[in-house]
1. Of the numbered conditions (1) touching a Cys at 6+ places or on another chain (Cβ under 9 Å); (2) exposed (fewer than 14 other Cβ atoms within 10 Å of the Cβ), K374 satisfies every one except a single condition; which is it?
2. Yes or no: segment 334-353 includes at least one residue that is of a type in the set (A, V, I, L, M, F, W, C), on the phi < 0 side of the Ramachandran plot and in contact with a strand residue (DSSP E or B) (Cβ under 7 Å, 6 or more places away or on another chain).
3. Has segment 20-37 got at least one residue that is open to solvent by 60 Å² or more (accessible area, probe 1.4 Å), farther than 30 Å from R221 by Cβ, charged (D, E, K, R) and not in a strand (DSSP E or B)?
4. Are any residues in segment 298-319 over 13 Å from A356 (Cα atoms), touching a helix residue (DSSP H, G or I) at 6+ places or on another chain (Cβ under 6 Å) and either in a strand (DSSP E or B) or modelled with pLDDT under 95 (or both), and if so, which ones?
5. Pick out the one residue from I109, I70 that is crowded, with 17+ Cβ neighbours inside 10 Å, at pLDDT 95 or above and either of a type outside the set (D, E) or at negative phi (or both).
6. Could you check segment 165-188 and list, in sequence order, the residues that are surrounded by 19 or more Cβ atoms within 10 Å (Cβ to Cβ), part of a helix (DSSP H, G or I) and aliphatic (A, V, I, L, M)?
7. Restricting to segment 88-101, name every residue that is closer than 22 Å to Q143 by Cβ and surrounded by fewer than 20 Cβ atoms within 10 Å (Cβ to Cβ).
8. Would you check which residues across segment 262-284 are over 23 Å from the mean Cα position of the chain (by Cα) and open to solvent by 30 Å² or more (accessible area, probe 1.4 Å) and list them?
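The values are calculated or read from the model by the stated rules, or taken from the named source; none is laboratory data. Small disclaimer: the values here were computed from a predicted structure and weren't measured. Quick reminder, even Gly has a Cβ in these numbers, built from the backbone with ideal geometry, and neighbours come from all protein chains shown. Surface areas here come from the heavy atoms of the whole protein model, side chains and all, with no ligands, DNA or RNA. Shrake-Rupley method; radii C 1.70, N 1.55, O 1.52, S 1.80 Å.
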Amino acid sequence: MIFKRKIYQKLLDWKNNESNETALLIEGARRIGKSTIVEEFAKNEYKSYILIDFSDVRDIILDAFNNYLINLDTFFMILSVQYDVGLYPHESLIIFDEVQFFPKARQSIKKLVKDGRYNYIETGSLISIKENVKDIILPSEEQMIKMYPMDFEEFAWALNQNMMVKYIKKCFDDCVPLDDNLHHKAMMLFKQYMMVGGMPKCVSTYIEKNRSFREVDAEKRRILSLYKNDISKIDNYYKSRVSSIFDQIPAFLSKHEKRVRLSNIQMNSTFPMYKETFYWLGDSMVCNECFSCNDPNVGLSINEDRTSVKCYMGDTGLLISHAFTEKEIADKQLYKQILNDNLSINEGMLFENIVAQALTCNGYPLYFYTEYNKEKGHNDIEIDFIISNKSKTRLKIYPIEVKSSKKYSTKSLERFIDKYSSRIDKAYVIHTKNLSIKSNKIICLPVYMTMCL
């Protein structure tokens, strides 16, 4: 099943840029639909295309890269004959799929782009991991874009809810609540998205198997097994540490502060010991990392504290299958609890994860803020996320608090606003209720509007 994806427009923009002299590199976690959307793009926008899948490629193709790049006429002839595809100057696309399995193909991009006969798109996961680039010169002729699991809007499109999405966006732009009945309908649609997730195969299974969460869970567990298999193949000393962090993500997120506690993994552990571990998890895009920012301003990364980190799953649907047993999924009680808002503490974990996922999809690096009160012995201020407008003329930050329960306090957010008022444009509470305006600074948004930020 082919779904409408937002990245398609980025592919078109790249192709139609007449001054562009780059190959396009699409980076993303495994099974998010990179190969599918690129091949669909190739079918629609080019006279012909060749897709070279380096996870399962014939030796004669590898031999062509190893021995014939010095003679491109012969190189292209080999590709054309082996794939039985005619190549047309300026009208053909060559796709290097799963390019991380054969880094030399990525290095060849410099020569191929300079030749100018055809267009090139590379797709890959783990493409920046050190062991995948250590023996090659990275080409400057790459234009890199990141691809993520389907976001809520793409999920709604897949379920033919286009008008609902347009209505949600209009209400956000006008800063008005949805009609109550439509708000409940939007929340129900969003909870389906949270439970199914944004992996295209899971979404297609959900549609084709009559909304069977059990069938979807089986597909999600296959993807999780694939990720664990990738981790098991890490050829480095930190393999066991990556595995430990990945396995305990649900445990970390179920705690109040949701931060990674290395003492829960191994005594006397320090963050420098886990530097490569978090690099791998972040670069694989299996996880979305959120770092503490101890002096929140527009240059958030300048003040980040990488020794204090939250580690969210890249897809919330996968987090559910990672956090709960097959039995909890099979008896349907878990999904009933989510749909009826009866999941208690774990619902906060899921809502915060899905907000992190939405912000990441919208291009925001993730930061959080805490302020510890020594006299009281606990945090006075806890802000789940901070984003900035990145403006060069009107620099502002936007603190975000995520609330999964119907009753909550905003005292922490109000203290943060008082302390950093001059830096703040608006503050957001993301909750399960309809849109409301709490003050001239605080806007309360239903969680499905996170996509609009």
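1. (1)
2. Step one: filter segment 334-353 for residues of a type in the set (A, V, I, L, M, F, W, C), giving 334, 338-339, 343, 345, 349-351.
Now restrict to residues that are on the phi < 0 side of the Ramachandran plot: 334, 338-339, 343, 345, 349-351.
Then keep just the ones that are in contact with a strand residue (DSSP E or B) (Cβ under 7 Å, 6 or more places away or on another chain); that gives 351.
The answer is yes; a qualifying residue exists.
3. As a first pass, look at segment 20-37 and keep what is open to solvent by 60 Å² or more (accessible area, probe 1.4 Å): 21, 31, 36.
In the following step, the residues that additionally are farther than 30 Å from R221 by Cβ were identified as 21.
Pick out the ones that are also charged (D, E, K, R) and you get 21.
Cutting the leftovers down to not in a strand (DSSP E or B) gives us 21.
Looking for residues that are open to solvent by 60 Å² or more (accessible area, probe 1.4 Å), farther than 30 Å from R221 by Cβ, charged (D, E, K, R) and not in a strand (DSSP E or B), one finds at least one in segment 20-37, hence yes.
4. Matches in segment 298-319: T307 only.
5. I109
6. Filtering segment 165-188 down to residues surrounded by 19 or more Cβ atoms within 10 Å (Cβ to Cβ) leaves 165, 168, 171-172, 178, 183, 186-187.
Now drop any that are not part of a helix (DSSP H, G or I), which leaves 165, 168, 171-172, 183, 186-187.
Passing the criteria: V165, I168, A186, M187.
7. Kept after step one, since they are closer than 22 Å to Q143 by Cβ, are these residues of segment 88-101: 89-101.
Within segment 88-101, P89, H90, E91, F101 meet the criteria.
8. First pass over segment 262-284, keeping only residues over 23 Å from the mean Cα position of the chain (by Cα): 262-273.
If the condition is that a residue be over 23 Å from the mean Cα position of the chain (by Cα) and open to solvent by 30 Å² or more (accessible area, probe 1.4 Å), then S263, N264, I265, Q266, M267, N268, T270, F271, P272, M273 are the ones that fit.
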